[in-house]
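The values are calculated or read from the model by the stated rules, or taken from the named source; none is laboratory data. These numbers come from a predicted model, not from an experiment. Cβ: placed from backbone, ideal geometry, glycine included. Neighbour counts: every protein chain shown. Heads up: the accessible areas ignore ligands, DNA and RNA and are worked out on the full protein's heavy atoms, side chains in. Shrake-Rupley method; radii C 1.70, N 1.55, O 1.52, S 1.80 Å.
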Amino acid sequence: MRGAQVRNAFRTCAPPRLPYNGGMKKLAIIGGGAAGLAAAVSAARDAAGGMDVVVYEADERVGRSILATGNGRCNFSNARVDAGVYRNAEFVAAALGVLADADTSVDPVHAFFADLGLVWREEGEGRLYPLANKASSVLDVLRSAMADFGAVEACERRAVRLDVPERPGGRFHIRFADGAVEHADAVVLATGGRTARELLPAGIPVSATRPVLGPLRTATDVVKHLNNIRVRGAVSLAGPDGRVKAHEAGEVLFRDYGVSGIAVFNLSRFAEAGDRLLIDLLPQVPEDGCAGFLHARRKRFAADGRPLSREAFLRGMLLPAVARAVLREAGLAPEAPLAKRDVAPLAAALKAFPLEVRGIGDERQCQVRRGGADVAAFDPRTLEACAVPGLYVVGEALDVDAPCGGYNLHWAWASGIQAGCAATARFHERS
Ligand SMILES: Cc1cc2nc3c(=O)[nH]c(=O)nc-3n(C[C@H](O)[C@H](O)[C@H](O)COP(=O)(O)OP(=O)(O)OC[C@H]3O[C@@H](n4cnc5c(N)ncnc54)[C@H](O)[C@@H]3O)c2cc1C
């Protein structure tokens, strides 16, 4: 029942525009990652044998990108998806709004996976993982549904060129690295963030992509002393003018080249060289209460009459290496006795420990690419290019990205499902 409701919601999203010219139609999906496989399942299911659905994948197998997600566990979605967390939020809200079914509170992506047989559980911050705790179980349900509905996997087929129809109702021509050419009546471009630019037809604006959602490289004079130390705090990202661009709470992992951890990954989406990270090492103490907190601590130590160096003052509050870095930042020699006047620079260093951003730390760890096809060129109800009827662009190939938490895969599935249904609807309603 739930699946039927979802399909009905999709049906409203694709006003058919191509003239029907008879024969078995073919939908070519370029890219067998998250968005491409979701598109293949939804298109083949809706077409019910009335259309050829073929996934062309450059790799020797489909879904390798899915297996790498969530450290092999696949944080495939979030229990509470909010379009506001996405880049190009308005477009995403319009697209997810089409997916949402007014008759049910169940998220349509979750309904899609429930219909495929996936069982999952919720972890912190609404992150959803397959119950089997393996990304392979997500891929398994997708591939077996594809096989059951008759979608075909064509692996080791790297598309290198896409020619759009020269007249309404004409066919797309896809050229592959081995020189072969295939034809299709509609195309879903699902190549991820790396190669969409090479295949998108002229006339669809597309920006260069850069890796984000990964560690940040910073000035190394400080972090080289802190390698592999984790602190739990709050982090702000400030531009060169001091304006705070973004803020995250969570764990920060120092590396000899910079910083890592989920909070940093999320900030990396907005970071540019020359920005500063400001780490709040005492997040439980409000900024205007920090000096008071340190004075009270100083008095408590003084009550015992023990000699108190600045380093000893921070013992029990920070790890020794972090304490030394804070004292260095405050311009205070560690071994000197703590004085009342030290409290102000210490409070400043503790509440906003600064690191200068130099760029992305390790591109291989980045989870998404920012940039891609300009969403303004697409109909959010169908993901179809306004200028090229029959061409759908989905997943990371569009200029959409989101923080960690299952949101990026959620977008890949949602946009893939939507485009697959829309592509099928355009042919079905004519036959
Ligand atoms: C290490 C890592 C961990 C991640 N963990 C998570 C997570 O837990 N949760 C989450 O929400 N997101 C996660 N992500 C992000 C998520 O994987 C992506 O947002 C998502 O896979 C994008 O889906 P997509 O289908 O657009 O692209 P992809 O999944 O990258 O698929 C693109 C496919 O197209 C193929 N392809 C490319 N070019 C061509 C061509 N010219 N011809 C034919 N085929 C081609 C590729 O081989 C690939 O199979 C992670 C990413 C990484 C790198």
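Observations
- The residues of segment 216-363 have, on average, 50 Å² of accessible surface per residue, using a 1.4 Å probe with all protein chains present.
- Segment 216-363: radius of gyration and largest Cα-Cα distance (Dmax), Å: 15.6, 52
- In order along segment 217-231, the Karplus-derived 3J(HN,Hα) couplings, from 6.51 cos²θ - 1.76 cosθ + 1.60 at θ = phi - 60°, round to 8, 10, 3, 9, 4, 8, 5, 4, 8, 10, 3, 6, 8, 10, 10 Hz, and Gly and Pro are given as x.
- For the chain, the normalised intensity computed at q = 0.08 Å⁻¹ comes to -0.52 (log10 of I(q)/I(0), Debye sum over alpha carbons, equal scatterers, no solvent).
- Restriction of the GluC sites (Glu not before Pro) in segment 96-182 to DSSP coil positions whose beta-carbon has at most 15 other beta-carbons within 10 angstrom yields Glu123, Glu156, Glu166.
- Projected label points at Val152 and Ala68, each 7 Å from Cα along the beta carbon direction, are separated by 2.9 nanometres.
- Accessible carbon and sulfur surface of segment 291-425 relative to its total accessible area, %, 1.4 Å: 52
- Measure of compaction for segment 67-121 (Cα Rg per 2.2 N^0.38 Å): 1.26
- Virtual paramagnetic centre 7 Å along Cα→Cβ of His225, amide N under 12 Å, in segment 313-355: 320-335
- DSSP bridge pairs, the chain: antiparallel proportion in percent, nearest 5: 75
- Set of aspartates and glutamates with alpha-carbon distance to Lys134 below 15 Å, sequence-local pairs under 8 removed: Glu122, Glu123
- Helix-derived mean residue ellipticity, 222 nm - over the chain, DSSP H n ≥ 4, -39500 (n - 2.57), to 500: -10000 deg cm²/dmol
- Too-long pairs where the Cα-Cα distance tops 23 Å, listed order kept, from Lys224/Lys245; Lys245/Lys340; Lys245/Lys351: Lys224/Lys245; Lys245/Lys340
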